[in-house]
Amino acid sequence: MQLVDRYLQQVKRFLPAEQRDDIVKELSANILAEVEDREASLGRPLTEDEQIAMLQQQGSPMVVAGRYRNDQRSFTFGRVIIGPTIFPIYIKILALNLTITVVVASIVMSTLGMHVGISTLCWPAVLQFTIITAVFAAIEQSQKKFHLFDTWNPRALPPVKDPLKISRGNTLFEMFFTVLFLLCWLRVPGAAFAVAYMFLGPVASYFSPVSSSPLLVTPAWQFFYLPILIMVLLQLCEQGLNFAFPRWTRARLLGRVVRSSLGVLLVVYLFRAGDVLLINPDVHGSGQYVPIAMLVNQSVHYSLLLGAILSVFQIAKQLFQILRLPASPSPSHSATMAI
């Protein structure tokens, strides 16, 4: 019953984490019982078209998830602006958008020498809130008028995901940037310029030093040169293993938790170490590199903070996977539905 599995997986995406498993089990039991009743009355298995018709009677995954949720939150202002069906998605996208806006605006303002505070960040945050809210309000009104969520195709549902499967494409993408960082960190001749050219294009040639570098790594960061190199090499080994054997095991998840925990500890020390680059006073004309040093220092500062937060959530997710991992994992309906 691949269609049913795909349908349940999509419903699960719109459910609160604490209710997800119980609701999916209940909904799965109801749908399978209905399938058995129909097959018994017909005396044969349901065709794909009959399964599609049955799932369409259940309703779109988003609508069904909305019926099962205990919280029926909505955005009202005299009348319902954003209803409970799409409100959870609205909150997630709004939170993500506001976070990105505040981080990017803070980096840009700091680079330009502007004061970063609540008053200066308020306008871009309010602007993003207004735009996101207006978009979802339009979706809500379109749903009421044109019943957008009633016209959906079960065949278009994404395939059932295996939570332990590792994407080789994503792994290659990660390995590419890890190798670039490693080459720059090892000070391979031309590596830093190649990376700069990749992002800046021909403009990078204007910042290429003739003899000695106009930018120096601060002594505090030089102290962490070897620990960072070891962590990057461990990460590259893990990525190579993931590419060769693209499936998580308990041992590999535990290994990643340990490496991620050490990484968070290292990030905390790096965050406290301050700026990563300073101007080399011995190089003529190094003053022109002050904006670049400021941009890099600010970017690294906020990237470390964001990286530490994301790593903590990633560690929690990996620990949750380990706890749910059976002693002898084997493909099953329950396993495939553990997204």
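Read-outs: derived from the displayed coordinates by stated rules, not from any lab. Not measured: the values here are computed from a predicted model. Using ideal geometry, Cβ is built from the backbone for each residue, glycine included, and neighbour counts are taken over all protein chains shown.
When +1 charges are put on Lys and Arg Cβ atoms and -1 charges on Asp and Glu Cβ atoms, the dipole computed for the stretch 1-160 relative to its Cα centre reaches about 640 debye.
Here the Karplus relation 6.51 cos²θ - 1.76 cosθ + 1.60, evaluated at θ = phi - 60°, turns the backbone of the stretch 55-62 into coupling constants of 5, 5, 5, 5, x, 5, x, 5 Hz, with x for every Gly and Pro.
Tell me the angle of helix 225-244 to the major Cα principal axis of the chain, expressed in degrees between 0 and 90 and rounded to the nearest ten. In the chain, helix 225-244 runs at an angle near 30 degrees to the longest axis. Cα axis of helix 87-111 to longest principal axis of the chain: angle in degrees, 0 to 90, nearest 10? For 87-111 against the chain, the angle is about 10 degrees.
Computed per residue of the chain from DSSP H runs no shorter than four, each worth -39500 (n - 2.57), the mean residue ellipticity at 222 nm is -22000 deg cm²/dmol.
Given +1 at the Cβ of Lys and Arg, -1 at the Cβ of Asp and Glu and no other charges, the dipole of the chain around its Cα centre is 260 debye to the nearest 20. Relative contact order of the chain: 20 percent, from C-alpha pairs under 8 Å at least 6 residues apart in sequence.
For the chain, the equivalent ellipsoid derived from the alpha-carbon gyration tensor has semi-axes of 48, 28, 17 Å in decreasing order. Were the residues from residue 102 through residue 151 laid out at 0.36 nm apart, the gain over their Cα-Cα distance would be 14.0 nm. With r defined as the distance between the Cβ atoms of residue 244 and residue 320 and R0 fixed at 25 Å, what FRET efficiency is calculated, to the nearest 0.05? Using R0 = 25 Å, I get an efficiency of 0.50. Based on the alpha-carbon gyration tensor of the stretch 23-68 and its eigenvalue square roots a ≥ b ≥ c, which shape applies: rounded if a/c is under 1.5, prolate if not and a/b is larger than b/c, or oblate? Cα axes put the stretch 23-68 in the oblate bin.
With the charge dipole of the chain set up from +1 on Lys and Arg Cβ and -1 on Asp and Glu Cβ about the Cα centre, the Cα lying farthest toward the positive end among the listed residues 313, 45, 276 is that of 276. Between the helical axis of 250-273 and the longest alpha-carbon principal axis of the chain there is an angle of about 40 degrees.
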